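The values are calculated or read from the model by the stated rules, or taken from the named source; none is laboratory data. Please read these numbers as outputs of a predicted model, since none were measured by experiment. Please note: Cβ atoms are built from the backbone with ideal geometry, for glycine as well, and neighbour counts cover all protein chains shown.
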Amino acid sequence: MYKVFVNKTPIVLTDNMEISIKKKCQIVAFKNGKQLEQMVWELERGKSKLPIYVTHFDLDELWTTFVHQFRYVHAAGGMVFNDQNQFLVIYRNGKWDLPKGHLKKGERPEYGGMREVEEECGVHNLKVVEFLDATFHMYDRNGLVLKKTFWYVMHTDANQKLTPQIEEGIDLVEWKTQKDIKGMNKNSYPIVKRLLKKGANRIIP
């Protein structure tokens, strides 16, 4: 199964041909690439806001067809913990977010993730502890773009001043704790909520 977010709405690609969903959604059978592209545009333009489940018996074929309809890019980022088990968040474009950015050509995701965290937050002495998750979302940049982001749990023992990368739309960089997550979730993206839930219980040695 693959879950791709367009704005705040997911398109789920699945080979479960007998899927039954209780909440309101659309369940459609895969036909062709043009059908997939049209569904994404409807979500991107706000013509539809219901989650879409696309079914096909061959998940590999379904995903390959989906990817080929769009420009496909890779990014990486991190959920960074310090010695007090606080984690690092940014406030970008009016939303709470986690630091991430595009990978350079040939760059390994874990190294690109650390580089992006350093650039966006001014934090150093980073170490990747473990892989956290991979997420997919889409946006319009003179055509539809599909972005896969690799996320890592990271640690730093540095205690330097945090510096937001203003030119990337980042207004704040702050350390947070688990008790802050509920309030942050009121003004964050679905993908970030999922990452915070999955990563905030990590105890860094």
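Looking only at residues in segment 69-103 that are part of a loop (DSSP other than H, G, I, E, B) and touching a Phe, Trp or Tyr at 6+ places or on another chain (Cβ under 9 Å), the one that is farthest from Pro190 (Cα to Cα) is Gln84.
Each row is one residue, and each column tells you yes or no for (1) under 13 Å from Phe57 (Cβ atoms); (2) assigned to a strand (DSSP E or B); (3) in contact (Cβ under 8 Å) with a residue 60 or more places away in the chain.
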{"position": "Lys3", "(1), (2), (3)": "no, yes, yes"}
{"position": "Val12", "(1), (2), (3)": "no, yes, no"}
{"position": "Met17", "(1), (2), (3)": "yes, no, no"}
{"position": "Ile21", "(1), (2), (3)": "no, no, no"}
{"position": "Lys34", "(1), (2), (3)": "no, no, no"}
{"position": "Val40", "(1), (2), (3)": "no, no, yes"}
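Taking (1) among the acidic types (Asp, Glu); (2) assigned to a strand (DSSP E or B); (3) within 16 Å of the chain's Cα centre (by Cα) in turn, Glu110 satisfies each apart from (2).
Would you confirm whether any residue within segment 56-68 is within 27 Å of Gly112 (Cα to Cα) and part of a loop (DSSP other than H, G, I, E, B)? Checked segment 56-68: no residue is within 27 Å of Gly112 (Cα to Cα) and part of a loop (DSSP other than H, G, I, E, B).
Yes/no matrix, rows are residues, columns are (1) within 30 Å of Met39 (Cβ to Cβ); (2) touching a strand residue (DSSP E or B) at 6+ places or on another chain (Cβ under 7 Å); (3) in the same structural domain as Lys8 (by TED's automatic domain parsing):
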position: Ala76; (1), (2), (3): yes, yes, no
position: Leu98; (1), (2), (3): yes, yes, no
position: Lys105; (1), (2), (3): no, no, no
position: Tyr111; (1), (2), (3): no, no, no
position: Glu118; (1), (2), (3): no, yes, no
position: Leu126; (1), (2), (3): no, yes, no
position: Asp140; (1), (2), (3): yes, no, no
position: Leu144; (1), (2), (3): yes, yes, no
position: Lys182; (1), (2), (3): no, no, no
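Quick check on segment 42-57. Is at least one of its residues over 20 Å from the mean Cα position of the chain (by Cα), closer than 14 Å to Asn16 by Cα, loosely packed, with under 14 Cβ neighbours inside 10 Å and at pLDDT 95 or above? Looking for residues that are over 20 Å from the mean Cα position of the chain (by Cα), closer than 14 Å to Asn16 by Cα, loosely packed, with under 14 Cβ neighbours inside 10 Å and at pLDDT 95 or above, one finds at least one in segment 42-57, hence yes.
Out of Pro10, Pro51, which single residue is within 19 Å of Ala134 (Cβ to Cβ) and out of contact with any helix residue (DSSP H, G or I) (no Cβ under 6 Å at 6 or more places or on another chain)?
Details: Pro51 fails: within 19 Å of Ala134 (Cβ to Cβ).
Exactly one of Pro10, Pro51 is within 19 Å of Ala134 (Cβ to Cβ) and out of contact with any helix residue (DSSP H, G or I) (no Cβ under 6 Å at 6 or more places or on another chain), namely Pro10.
Would you confirm, using the coordinates I've provided, whether Thr135 is in contact with an Asp or Glu (Cβ under 9 Å, 6 or more places away or on another chain), in contact (Cβ under 8 Å) with a residue 60 or more places away in the chain and either part of a strand (DSSP E or B) or at positive phi (or both)? Can you show your working first?
Details: in contact with an Asp or Glu (Cβ under 9 Å, 6 or more places away or on another chain): no; in contact (Cβ under 8 Å) with a residue 60 or more places away in the chain: yes; either part of a strand (DSSP E or B) or at positive phi (or both): yes.
So Thr135 fails the test.
A search for C-beta distances below 7 Å between a residue of segment 60-83 that is farther than 12 Å from Lys127 by Cα and any residue that is aromatic (Phe, Trp, Tyr), counting only pairs 6+ apart in sequence or on different chains, returns Leu62/Phe30; Trp63/Tyr2; Ala76/Phe150; Gly77/Trp151. If you go through segment 113-129 and keep only what is at positive phi and either in a strand (DSSP E or B) or in contact (Cβ under 8 Å) with a residue 40 or more places away in the chain (or both), you end up with just Gly122. Contact map, segment 179-195: residues that are over 12 Å from Phe87 (Cβ atoms) paired with residues that are among the hydroxyl-bearing types (Ser, Thr, Tyr), Cβ distance under 6 Å, separation 6+ or inter-chain. Pairs shown: Ile191/Thr135. Taking segment 159-174 as the region of interest, how many residues are among the charged types (D, E, K, R) and surrounded by 10 or more Cβ atoms within 10 Å (Cβ to Cβ)? Total meeting the criteria: 3.
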